[in-house]
Amino acid sequence: AQSVAQPEDQVKVAEGNPLTVKCTYSVSGNPYLFWYVQYPNRGLQFLLKYITGDNLVKGSYGFEAEFNKSQTSFHLKKPSALVSDSALYFCAVRGFLDSNYQLIWGAGTKLIIKP
Amino acid sequence: GAGVSQSPSNKVTEKGKDVELRCDPISGHTALYWYRQSLGQGLEFLIYFQGNSAPDKSGLPSDRFSAERTGGSVSTLTIQRTQQEDSAVYLCASSLVAGGASEQYFGPGTRLTVT
């Protein structure tokens, strides 16, 4: 069965430190992988996606994500966290061969950046 | 350009009343999705439309929920005989096409409160 796991409900990082938000997935065949961010009382915003090619994908607001096929992971990273990065982060996946047009969504990880 | 818009932003209704939620997707986007999100929780897929094809209604929680998309653009989600458990934020998203590597762009949501 296709699935996405975000193993941490919450991640706390001090401002200025690097941050990682974890995501692992299970799909048939190669994946399309996405990260979205949801700021308080706002809709979701697209951050970045992996289609193919370079395993390191760069996105909005200084975020990047690393695709690791052997570990079936797509962790979100940022070298230096800002207080304004505090938000809810969602990972999503769709299988390359998947005829179902839905995205499979993770449960979300709340990122808290402490000043 | 203009993003996805939704109206109303907030709706308070009495139990048993019908409500209509509107979504105006990004111009040129052929795919439109409706999701439901309970407070601080993950996304629950409801329905999606792709062009003139029959919609995928597999996520609708009951027959009180219905949606239509007129002229391949604006969509309306209707909830009949609302119940308190329908209280949530209803999010609409659109994408250039359904499936593949096409990312979804979200509206700000409609917060529905059933009293």
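The values are calculated or read from the model by the stated rules, or taken from the named source; none is laboratory data. All values derive from a computational prediction rather than experimental measurement. Note that we place each Cβ from the backbone using ideal geometry, even for glycine, and neighbour counts take in every protein chain shown. All accessible areas refer to the heavy atoms of the entire protein, side chains included, with ligands and DNA or RNA removed. Shrake-Rupley method; radii C 1.70, N 1.55, O 1.52, S 1.80 Å.
Here are the numbers:
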item	result
Lys, Arg +1 and Asp, Glu -1 on Cβ, resulting dipole of region A:45-115 about Cα centre, debye, nearest 20	140
Exposure rule at most 13 other beta-carbon atoms within 10 Å, DSSP loop trypsin sites (Lys or Arg not before Pro): chain A longest free segment	A:70-115
Label-point separation, B:Glu68 to B:Glu20 (7 Å along Cα→Cβ), nm	0.9
Accessible area (Å², per residue) of the protein assembly as shown, counting only protein heavy atoms and a probe of 1.4 Å	47
Note, ³J(HN,Hα) from phi for region B:47-62, Karplus 6.51, -1.76, 1.60, rounded to Hz, x at Gly and Pro	7, 9, 10, 10, x, 9, 6, 4, x, 8, 9, 4, x, 5, x, 7
Under 23 Å between alpha carbons - lysine pairs in region A:31-114 that sit 8 or more apart or on different chains	15
In region B:1-51, the trypsin sites (Lys or Arg not before Pro) that fall in loop regions by DSSP, at most 15 other Cβ within 10 Å	B:Lys15, B:Lys17
Total formal charge among the other residues, if their Cβ is under 14 angstrom from that of A:Thr52, Lys/Arg +1 and Asp/Glu -1	+2
Coordinate range along principal axes, alpha carbons of region A:1-75, Å, largest first	36, 26, 23
Cβ neighbours within 10 Å from other chains - mean over A:49-56	1
Ranking by accessible area, most exposed first, for B:Glu14, B:Glu103 with a 1.4 Å probe	B:Glu14, B:Glu103
Semi-axis lengths (Å, descending) of the ellipsoid that matches the C-alpha gyration tensor of chain B	23, 14, 13
Whole-number percent relative contact order across chain B, with pairs defined as alpha carbons under 8 Å at least 6 apart	38
